[in-house]
Amino acid sequence: MDSQGGAAVPAHGRAGTAKEIAKERREAGDGVLAGLERRLLGRSADVVRTTAPRTAGLDAHRLLDLTITLLLLPVFLVVGAIVALVVFVDSPGPIFYRAERIGRGGRPFFMWKFRKMVRDARGPSLTSANDERLTPVGRFLTASRLDELPQVINVLKGDMSLVGPRPEVA
């Protein structure tokens, strides 16, 4: 691990410590991207970061996610309980659906949603408005985006953020 929380991986047989790399960047007087580009294209690459570093901005973003989520949690729980009951009554099968996604730093996690399709639905992974696999309640959940309400769990766990790019499909 380097000083910024990323895993240091030797790229061309020569490993460098985080202090050595930081010193090299300061001496070169250029930014992180230029230093990495120089190492990869010019001289031998010392280290390639496999996870993005934590910054003060990310910590503030996480704090904001937690604050908003915890403040709205009572509303999420009431609405979520009603939606769960309606999904349960609408069609047989589980209430929740989970899909593996790839999060920040390439870390896999399971993203939770309310089930909106018939049990054991097969077909394309993308859902269209007139998809026959959707249950009647599923059509409403998709249109209102209420099927994504369980993702609050992912936000609390730190797998996702309230605002930002959608996680990649695994």
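All of the numbers you see were taken from the coordinates with simple rules; none came from a lab. Just so it is clear, the model here is predicted, and its values are computed rather than measured. Note that each Cβ is placed from the backbone with ideal geometry, even for glycine, and that neighbours are counted across all protein chains shown.
When the Cα gyration tensor is reduced to axis lengths a ≥ b ≥ c, the ratio a/c is 1.5 or higher for the range 65-170, and with a/b not above b/c it is classed as oblate.
Put simply, when 104-117, 82-95, 130-143 are sorted by average Cβ atoms within 10 angstrom per residue, most first, you get 104-117, 130-143, 82-95.
Applying the Karplus relation 6.51 cos²θ - 1.76 cosθ + 1.60 with θ = phi - 60° to the range 71-79 yields 3J(HN,Hα) values of 5, 8, 4, x, 5, 4, 5, 5, 4 Hz, where x marks Gly and Pro. Given Cβ point charges of +1 (Lys, Arg) and -1 (Asp, Glu) and nothing else, what value in debye, to the nearest 20, does the dipole of the range 61-170 about its Cα centre take? Dipole of the range 61-170, to the nearest 20 debye: 180 debye.
Amide H contacts under 5 Å for MET117: THR135, restricted to partners 5 or more places along the chain or on a different chain, H placed in the peptide plane at 1.01 Å from N.
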